[in-house]
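The values are calculated or read from the model by the stated rules, or taken from the named source; none is laboratory data. Predicted model, so just to flag it, every value in this text is computed and none were measured. Note: ideal-geometry Cβ built from the backbone for every residue, glycine included; neighbour counts use all protein chains shown. Quick note on the areas: whole protein, heavy atoms, side chains included, nothing else; ligands and nucleic acids left out. Shrake-Rupley method; radii C 1.70, N 1.55, O 1.52, S 1.80 Å.
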Amino acid sequence: MELNPHDLLRIKGAEELISHTPIPNWVAESLAISPFVVIRRSRAAKGQVAVGVRGPERNKRFAAFLPIDSILSRITPERLVQDKGWQNHSKKIFQCLDPVSDLLDRASLTWGPTGSVGFELATGQEVVTEKSDIDIVIRITEEFTINFAQKIENGLKKNPFRIDVQLETKVGAFSLSEYANSKGKAVLFRTMDGPFLKEVTPEFSE
């Protein structure tokens, strides 16, 4: 099973988690309601994966580790695009995913919703609010040029909701907006070993 940041993992409950610090009570309560954790970008011991637990409030997030053998199922952002479950939602923010899908699919991009929008689509738990953004991950290759990034960003800006896009590569992720406006200068890469600045060229190269 290939595991990537942003994938949602279904588990039995908080008892499956490994933590070097005490686990807050709200973690067990949240997982009892919706037993899903998200893969986070951090190194883990062999046989484990770094995960995060979403709490009832925006400021409640808990980082832990999970034995890979404890994974019951996995939902990727790309699967959410295939299912197009947002078409069954009445909230305006979900309805806005159709034009986003049209834009990114026409560009032949591999993508998917993450964050609160992705979590609600995957689990059915209502976590999206009026203040929520649309978080998206796009899996890219070295052919993703700055000019292309600018076209994608300009298209997404037509959406009434703020869209935050992370461009995911094999070595880490960086912001679409930051890359599109970088003019070839360094952008912030988020990697398994932490963030660092990396210079980019007009044509992205790993």
Exercise. Out of (1) open to solvent by less than 30 Å² (accessible area, probe 1.4 Å); (2) more than 16 Å from the chain's Cα centre (by Cα); (3) closer than 20 Å to Phe161 by Cβ, what's the single condition that is false for Leu66?
Worked result: (3)
Exercise. If a residue has to be closer than 17 Å to Val165 by Cα, modelled with pLDDT under 80 and either open to solvent by 60 Å² or more (accessible area, probe 1.4 Å) or not aromatic (Phe, Trp, Tyr) (or both) to count, how many in segment 179-206 make the cut?
Worked result: 0
Exercise. In segment 107-143, what count of residues is obtained for those that are surrounded by fewer than 20 Cβ atoms within 10 Å (Cβ to Cβ) and under 23 Å from Lys170 (Cα atoms)?
Worked result: 8
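Across segment 1-23, which residue is surrounded by the fewest Cβ atoms within 10 Å (Cβ to Cβ) among those that are out of contact with any Lys or Arg (no Cβ under 6 Å at 6 or more places or on another chain) and of a type in the set (A, V, I, L, M)?
That would be Met1.
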Problem set entry | Scan of segment 24-39 for residues that are open to solvent by 60 Å² or more (accessible area, probe 1.4 Å) and over 13 Å from Gln125 (Cβ atoms), ordered by number | Asn25
Exercise. Of all residues in segment 102-116, which are over 26 Å from Arg58 (Cα atoms) and of a type outside the set (A, V, I, L, M, F, W, C)?
Worked result: Asp102, Asp105, Arg106, Ser108, Thr110
Exercise. In segment 20-34, how many residues are part of a loop (DSSP other than H, G, I, E, B) and touching a helix residue (DSSP H, G or I) at 6+ places or on another chain (Cβ under 9 Å)?
Worked result: 2
Exercise. What are the residue pairs meeting all of these: first residue in segment 33-59, first residue over 20 Å from Arg190 (Cβ atoms), second residue of a type in the set (Lys, Arg) and part of a strand (DSSP E or B), Cβ atoms under 6 Å, and 6 or more apart or on different chains?
Worked result: Pro35/Arg10; Phe36/Arg10
